[in-house]
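The values are calculated or read from the model by the stated rules, or taken from the named source; none is laboratory data. A quick note: this is a predicted structure, and the numbers were derived from the prediction, not measured. When we count neighbours, we look across all protein chains shown, and the Cβ atoms used for this are built from the backbone with ideal geometry, even at glycine. In case anyone asks, the SASA skips ligands and DNA or RNA and just uses the protein heavy atoms, side chains included. Shrake-Rupley method; radii C 1.70, N 1.55, O 1.52, S 1.80 Å.
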Amino acid sequence: MTEQDQAADTIEARAYRAALDVIAAVEPDVASHIRGELDNQRSQLKLIASENYASPAVLLAMGNWFSDKYAEGIPGQRYYAGCEYVDKVETLAVNRAKALFGAKHAYVQPHSGIDANLVAFWAVLAHRVEAPFLTEHAAKNVNELTDSDWEDLRQLFGDQRMIGMALDSGGHLTHGFRPNISGKLFNQRSYHVDPETEMLDYDEVAKVAREFKPLIMVAGYSAYPRAVDFAKLREIADEVGATLMVDMAHFAGLVAGKVFTGDFDPLPHAHIVTSTTHKSLRGPRGGIVLTNEEDLVEFIDKGCPMVLGGPLSNVMAAKAVAFAEAQRPEFCDYAHQVRDNASALAEGIAKRGGRIVSGGTENHLCLVDVTSFGLTGRQAESALESSGVIVNRNSIPFDPNGAWYTSGIRLGTPALTTIGMDTSDLDEVADIMCEVLAATEASTTTAGEPSKAKFTLADEVRERARSRSAELLAQNPLYPEIGAI
Ligand code: DSN
């Protein structure tokens, strides 16, 4: 048997081939698009910092009859009958999440990071605003309030404040920014990185917190390349009476894999921690909320139906599988390699002339200021995509090009590390990228003005990048156990 035949005869290959045959019998185009997506993912260098490749076990745990079951409520206290196995699988996911992150309580129902943050915001509002109001008005729940008291409570909800990291410092839209529901709910003020070092300015965080006196202090990021000192942030939160909420969506895998420990692990310091499960943690698409604060538990557990639709039991099953994988010792090796690979990538780009925001990285991502190549983020993203390298454009601190065109690209190593790449591979990735970026030229609009989107790039440069990437990907294949399907 050839190597490829052997790969094609694995249990995973047979499972996927059979599954695609079943789908194709009903809607062949969907089966064909699923195959197309796998082909694409196998032929491109994936450097999106928020993406990864989940294992076949995680993916398969999502495709089954758990998907058909409604289960509002929590295990043992559902609004629907027939939840015996949903209860078991949710309890398993909860216990695994608690053990993985050293949390006293875990809620595994959120469908995404936004949902996890909404559950957390609601829990804090319920605990710190609604509950005292109800006590003061001798009411057991909101239905017992008079219309006038209810209106007062609604006004009070609308009066609450939060602080979060500015978007162009690396913060996230769900941390109180106007286009997101969090910005419409809360009066938000941002803290920034230091303009010189481009690192989190804890003095500014303290200043903003003292002046603004927020109910919630949000920490966490989607485009900040450094470790965050959560012990220091908790001191600031305590000083101003804020609830410290950490959104670790991006770096949860580095917490689970013990890259971030002590002051840099949010769990011992934050009142409430939210995360996605699909980024560096490498699970299914979804979210979780964790806490060590007994007072918050009952409110977090009311996430569905407070802000969530019925829990996706199939995804909770997949979360349990992913948490089991992350509890294995090899996941710690993976997480450390993710961090080392990001450093190698940043160093590789810096030595080839790219400016790295903050001068380096301590986590799974780095930000490249592509004005060092004479480009906007939009031009760099498109030129790289046309060469088979998938990245996303991203604002850099105090970005002069705004959030649409941007001056940067964000690069992450969770996905390439999953397929086995090491630091020397990431240096080669840096070389492939820099060759493309150096050869890309910004062009002009039809009116002859400098364009922020258009560019020229010679076909031979694209082709060379594609063939070098193909070599790397052949040495580090995606889903080798599934083979050709
Ligand atoms: N979309 C995710 C990211 O790319 O960071 C988070 O919203």
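Would you mention how many residues in region 210-231 are surrounded by fewer than 24 Cβ atoms within 10 Å (Cβ to Cβ) and in a helix (DSSP H, G or I)?
4
Can you tell me how many residues in region 234-277 are in contact with a strand residue (DSSP E or B) (Cβ under 9 Å, 6 or more places away or on another chain) and within 22 Å of LEU365 (Cα to Cα)? Steps first, answer last, please.
The initial filter retains those residues of region 234-277 that are in contact with a strand residue (DSSP E or B) (Cβ under 9 Å, 6 or more places away or on another chain), namely 234, 236-238, 240, 242-252, 255, 266-267, 269-277.
If we keep only those that are within 22 Å of LEU365 (Cα to Cα) as well, we get 245-252, 255, 266-267, 273-277.
Number of matching residues: 16.
Working carefully through the options ALA116, ALA103, ALA120, find the one that is in a loop (DSSP other than H, G, I, E, B), closer than 30 Å to VAL255 by Cα and open to solvent by less than 40 Å² (accessible area, probe 1.4 Å). Spell out the reasoning first.
Working: ALA116 fails: in a loop (DSSP other than H, G, I, E, B); ALA120 fails: in a loop (DSSP other than H, G, I, E, B).
Testing whether each residue is in a loop (DSSP other than H, G, I, E, B), closer than 30 Å to VAL255 by Cα and open to solvent by less than 40 Å² (accessible area, probe 1.4 Å) leaves just ALA103.
Within region 148-167, take every residue that is out of contact with any Gly (no Cβ under 9 Å at 6 or more places or on another chain) and within 16 Å of the ligand (Cβ to nearest atom) and give me the one that is farthest from GLY113 (Cα to Cα).
ALA166
Checking GLU196 against (1) within 16 Å of the ligand (Cβ to nearest atom); (2) in a loop (DSSP other than H, G, I, E, B); (3) over 27 Å from PRO414 (Cα atoms); (4) not aromatic (Phe, Trp, Tyr), only one condition comes out false. Which one?
Result: GLU196 fails condition (1) only.
Which pairs have Cβ atoms under 9 Å, sit 6 or more apart or on different chains, and link a residue in region 75-89 that is open to solvent by less than 30 Å² (accessible area, probe 1.4 Å) to one that is assigned to a helix (DSSP H, G or I) and of a type in the set (Ser, Thr, Tyr)?
CYS83/SER313; VAL86/SER313; VAL89/SER313
Counting only residues that are in a loop (DSSP other than H, G, I, E, B) and open to solvent by 20 Å² or more (accessible area, probe 1.4 Å), how many does region 400-417 have? Break it down into steps so the answer makes sense when it comes.
Step one: list which residues in region 400-417 are in a loop (DSSP other than H, G, I, E, B), which gives 400-401, 406-407, 413.
Pick out the ones that are also open to solvent by 20 Å² or more (accessible area, probe 1.4 Å) and you get 400-401.
The number of residues fulfilling the criteria is 2.
For the structure I just gave you, tell me whether ASP39 is under 20 Å from ILE288 (Cα atoms), in a helix (DSSP H, G or I) and out of contact with any helix residue (DSSP H, G or I) (no Cβ under 6 Å at 6 or more places or on another chain).
no
Scan region 322-374 residue by residue and report those that are open to solvent by 60 Å² or more (accessible area, probe 1.4 Å), under 17 Å from GLY170 (Cβ atoms) and not in a helix (DSSP H, G or I).
ARG355, GLU362
Test GLU51 against the criterion of being modelled with pLDDT of 95 or more, within 16 Å of the ligand (Cβ to nearest atom), farther than 25 Å from GLU294 by Cβ and open to solvent by 60 Å² or more (accessible area, probe 1.4 Å), and give yes or no.
Details: modelled with pLDDT of 95 or more: yes; within 16 Å of the ligand (Cβ to nearest atom): yes; farther than 25 Å from GLU294 by Cβ: yes; open to solvent by 60 Å² or more (accessible area, probe 1.4 Å): yes.
Yes: the conditions hold for GLU51.
Condition (residue is open to solvent by less than 40 Å² (accessible area, probe 1.4 Å), more than 25 Å from VAL391 (Cβ to Cβ) and in contact (Cβ under 8 Å) with a residue 60 or more places away in the chain) applied to region 192-208: is it met by at least one residue?
Checking region 192-208: not a single residue is open to solvent by less than 40 Å² (accessible area, probe 1.4 Å), more than 25 Å from VAL391 (Cβ to Cβ) and in contact (Cβ under 8 Å) with a residue 60 or more places away in the chain.
Scan region 254-277 and tell me whether some residue there is within 20 Å of LYS88 (Cα to Cα) and in contact with a helix residue (DSSP H, G or I) (Cβ under 8 Å, 6 or more places away or on another chain). Steps first, answer last, please.
Keep residues of region 254-277 that are within 20 Å of LYS88 (Cα to Cα), which gives 277.
Still in the list and also in contact with a helix residue (DSSP H, G or I) (Cβ under 8 Å, 6 or more places away or on another chain): 277.
Yes, the conditions are met somewhere in region 254-277.
Across region 446-480, what is the number of residues that are charged (D, E, K, R) and part of a strand (DSSP E or B)?
Within region 446-480, residues that are charged (D, E, K, R) and part of a strand (DSSP E or B) number 2.
Give the residues of region 232-243 that are small (Gly, Ala, Ser) and open to solvent by 20 Å² or more (accessible area, probe 1.4 Å), sorted by residue number. If you could, list the steps in order and put the result at the bottom.
Within region 232-243, the subset small (Gly, Ala, Ser) is 237, 241-242.
Within region 232-243, GLY241 is the sole residue that qualifies.
Under 6 Å between Cβ atoms, at least 6 apart or on separate chains: pull out the pairs that start in region 243-258 with a residue that is at positive phi and end on any residue that is modelled with pLDDT of 95 or more and within 15 Å of the ligand (Cβ to nearest atom).
As it stands, the answer is none, since no pair meets every condition given.
Just checking: which of the strands (runs of 3 or more DSSP E) contained wholly in region 239-306 hold 1 or more residues that are at pLDDT 95 or above, among the charged types (D, E, K, R) and within 16 Å of the ligand (Cβ to nearest atom)?
Details: elements: 243-247, 272-276, 287-291.
Fully inside region 239-306 and qualifying: 243-247.
Pull up region 148-162, narrow it to residues that are hydrophobic (A, V, I, L, M, F, W, C) and more than 32 Å from the chain's Cα centre (by Cα), then point me to the one that is least open to solvent (accessible area, probe 1.4 Å). Before the answer, list the steps.
Our first condition is that a residue be hydrophobic (A, V, I, L, M, F, W, C); within region 148-162, this holds for 150, 153, 156-157, 162.
Within this subset, residues satisfying the condition of being more than 32 Å from the chain's Cα centre (by Cα) are 150, 153.
Details: TRP150: 96, LEU153: 0 Å².
Per the stated criteria, the residue is LEU153.
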